[in-house]
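The values are calculated or read from the model by the stated rules, or taken from the named source; none is laboratory data. If you're wondering where the values come from, they're calculated on a predicted model, not measured in any experiment. Don't worry about glycine lacking a Cβ; one is built from the backbone with ideal geometry, like all the others, and counts go over all protein chains shown.
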Amino acid sequence: MISRIKGWTLGVVQPIADWTEERTGVVTMLEHFLYEPVPKRGKWLYTLGSATLFLINLQFLTGILLLFYYVPTTDNAWDSIYYIMTDVYFGPLIRGIHFWSANILMIVIGMHMLRTFFSGAYKAPREINWVIGVVLIMLVTILAFTGYALRWDQEGFWAWEVGIKIGSYTPFVGAYVATFLLGGDTAGPATLARVFVIHVWLLPAALAPLIGIHLYLLRKHGEFGSEFEYSKRLAELRERQQIEEYALYEEGDEDSRG
Ligand code: HEM
């Protein structure tokens, strides 16, 4: 049954793909974009970056849809979310995806960071990509934190108020940053306006080019470990050591002969 469905699908899709490829070259382009060799060891772990990319794009998409109804004022924010959840077509689904995808994103990005750390992908020449990754995870965390406050319910409000108060004890800059983020001494309408700008404009605008550079650098260097097999590399290393030892032995022999 499955092979019949597969054969039928290929029969329909293949001619369309061939037709499009001949005229645009888009299939080759997609193949080039999607194909990236990974080391044999831990192959599934190398999909975590792509999973992060998928989830962050899902956040952008569902976030834009939520913006059609969300109102960023202290009087209307909570009501607009209530409206999304009760009256808007697919509102609970879109908001649910945005909420759960944000939570899963935090877990997946953490796992991606662990994978790159434990496979040594931060080493030369990939240091800049690692540093960009660290900035990315910080921005994504702030994205999650600001999103929490946008609900403007008791939970979101107090999480933001307490979070900012804790941050305000940071030496030298803490108090200034807290006043800037709150828009005054305490949380109010100016706070929600700032949280909104940070969540909807500032962070996505910073994330998009950084993700672009992250992927460009990945393509430039390839996945760490895919360029060699560990056993082959060890054999080459041993061979080089033997050659060096032999050269040293030869030198010593010549010295002793005068
Ligand atoms: C928005 C967040 C991020 C996105 C969309 C993203 C995306 C990706 C993708 C698609 C890959 C290639 C596939 C893979 O290796 O899994 C990758 C590789 C890489 N990522 Fe990320 N990443 C993000 C965050 C991070 C973080 C937080 C770190 C570490 C601090 C990081 C460090 C790296 C490194 C070093 C590589 C190269 C891996 C190698 O050469 O083996 N990334 N990233």
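Numbers at a glance
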item: Search result, residues across region 135-168 that are over 20 Å from Leu67 (Cβ atoms) and touching a residue at least 40 places away in the same chain (Cβ under 8 Å); result: Val135, Leu136
item: Odd one out for Trp130 among (1) among the aromatic types (Phe, Trp, Tyr); (2) over 30 Å from Val38 (Cα atoms); (3) surrounded by 13 or more Cβ atoms within 10 Å (Cβ to Cβ); result: (2)
item: Exclusive hit being surrounded by 15 or more Cβ atoms within 10 Å (Cβ to Cβ) and within 17 Å of the chain's Cα centre (by Cα), set Ile211, Ile164, Ile198; result: Ile211
item: Residue within region 60-69 that is assigned by TED's automatic domain parsing to the domain that holds Leu105 and more than 23 Å from the chain's Cα centre (by Cα) present; result: yes
item: Enumerated helices (runs of 4 or more DSSP H) restricted to region 163-258, each holding at least 3 residues that are of a type in the set (Phe, Trp, Tyr); result: 230-257
item: Counted residues, region 87-116 - those being more than 20 Å from Ile211 (Cα to Cα) and either in contact with an Asp or Glu (Cβ under 6 Å, 6 or more places away or on another chain) or in contact (Cβ under 8 Å) with a residue 24 or more places away in the chain (or both); result: 3
item: Region 169-182 residues that are within 24 Å of Gly147 (Cβ to Cβ), paired with ones that are in a loop (DSSP other than H, G, I, E, B) (beta carbon under 7 Å, 6 or more apart); result: Gly174/Ser168; Ala178/Ser168
item: Checklist (1) at pLDDT below 95; (2) under 30 Å from Leu217 (Cβ atoms) applied to Phe60, failing item; result: (1)
item: Residue in region 117-130 that is within 27 Å of Leu65 (Cα to Cα), within 13 Å of the ligand (Cβ to nearest atom) and in contact (Cβ under 8 Å) with a residue 24 or more places away in the chain present; result: no
item: Flag if Tyr122 is modelled with pLDDT of 95 or more, assigned to a loop (DSSP other than H, G, I, E, B), of a type in the set (Phe, Trp, Tyr) and surrounded by 14 or more Cβ atoms within 10 Å (Cβ to Cβ); result: no
item: Complete set of residues in region 19-58 that are under 12 Å from Val108 (Cα atoms) and of a type in the set (A, V, I, L, M, F, W, C); result: Leu45, Leu48, Ala51, Leu53, Phe54, Leu55, Ile56
